[in-house]
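Just dropping this structure here.
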Amino acid sequence: MALPPESKLTPLFKQWRAIKQDHPDVLVMFRLGDFYEMFGDDAHTGAHRIMTDFK
């Protein structure tokens, strides 16, 4: 996933990017309100794994 330049990122995406740079092999989930969210490739990978587990 291509992100805009650092200056245009929200604080959440700056935090997400820093975590992904330190831990590229981990699915990162953020709690936003009552829900957990995944972004970028994590969202695609996580959705595939979750749907596989529910079958």
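Anything in region 1-13 that is assigned to a helix (DSSP H, G or I) and touching a residue at least 12 places away in the same chain (Cβ under 8 Å)? List them, or say none.
LEU12, PHE13
Could you tell me how many of the residues in region 5-55 are of a type in the set (Val, Ile, Thr) and in contact with a Gly (Cβ under 8 Å, 6 or more places away or on another chain)?
0
For region 14-51, which positions are more than 17 Å from LEU3 (Cβ to Cβ), among the basic types (Lys, Arg) and in a helix (DSSP H, G or I)?
Of everything in region 14-51, just one residue is more than 17 Å from LEU3 (Cβ to Cβ), among the basic types (Lys, Arg) and in a helix (DSSP H, G or I), namely ARG49.
Give me the residue from region 19-33 that is surrounded by 10 or more Cβ atoms within 10 Å (Cβ to Cβ) and under 11 Å from the mean Cα position of the chain (by Cα) and, out of that set, farthest from ARG49 (Cα to Cα).
The extreme case among them is ILE19.
Read-outs: derived from the displayed coordinates by stated rules, not from any lab. The structure presented is a predicted model; accordingly, all values stated were derived computationally and were not measured. With ideal geometry, Cβ positions are generated from the backbone for all residues, glycine too; neighbour counts draw on all protein chains shown.
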